[in-house]
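Beneath this line is the structure, given in structure tokens, with notes to follow.
Each value in this text was obtained by applying a stated rule to the coordinates, not by laboratory testing. Since the model is a prediction, treat every value here as computed from it, not as a measurement. Neighbour counts run over all protein chains shown; Cβ positions are idealised from the backbone, glycine included.
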């Protein structure tokens, strides 16, 4: 049961990207996740919408992540 719990915890923390899951070191997992987010998510959002304040996007994504599992509150995001 502990092995299942540990696996679930790892998936919830680091997601299900194969390259990340294959890493043993926590620091390397975090580095890869940052690379993935910088390379795709932020880049796509910033280029598509021509957003200049990328730090605002990062704040918005963190706030959205904190609302996981409940209805998104626009007033909290504002």
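Structure summary
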item: Choice from 36, 12, 58 showing the highest fluctuation, given a GNM over the chain with Cα pairs closer than 10 Å; result: 12
item: Computed helical MRE - 222 nm, the chain, DSSP H runs ≥ 4 contributing -39500 (n - 2.57), nearest 500; result: -18500 deg cm²/dmol
item: Folded to 0 to 90 degrees: helix 26-36 orientation relative to the chain principal axis, Cα; result: 40
item: 0 to 90° range, to nearest 10: angle between helix 2-14 axis and the chain longest Cα axis; result: 20
item: Contact order normalised by residue count of the chain, Cα under 8 Å, 6+ apart, percent; result: 14
item: For region 2-77, diffusion coefficient by Stokes-Einstein and Kirkwood Rh (Cα), 10 °C, 1.306 mPa s, µm²/s; result: 110
item: Förster radius 25 Å - calculated FRET efficiency between residue 38 and residue 63 (Cβ-Cβ, nearest 0.05); result: 0.85
item: In nm, spacing of pseudo-spin labels at residue 6 and residue 73 (7 Å Cα→C-beta vector); result: 3.7
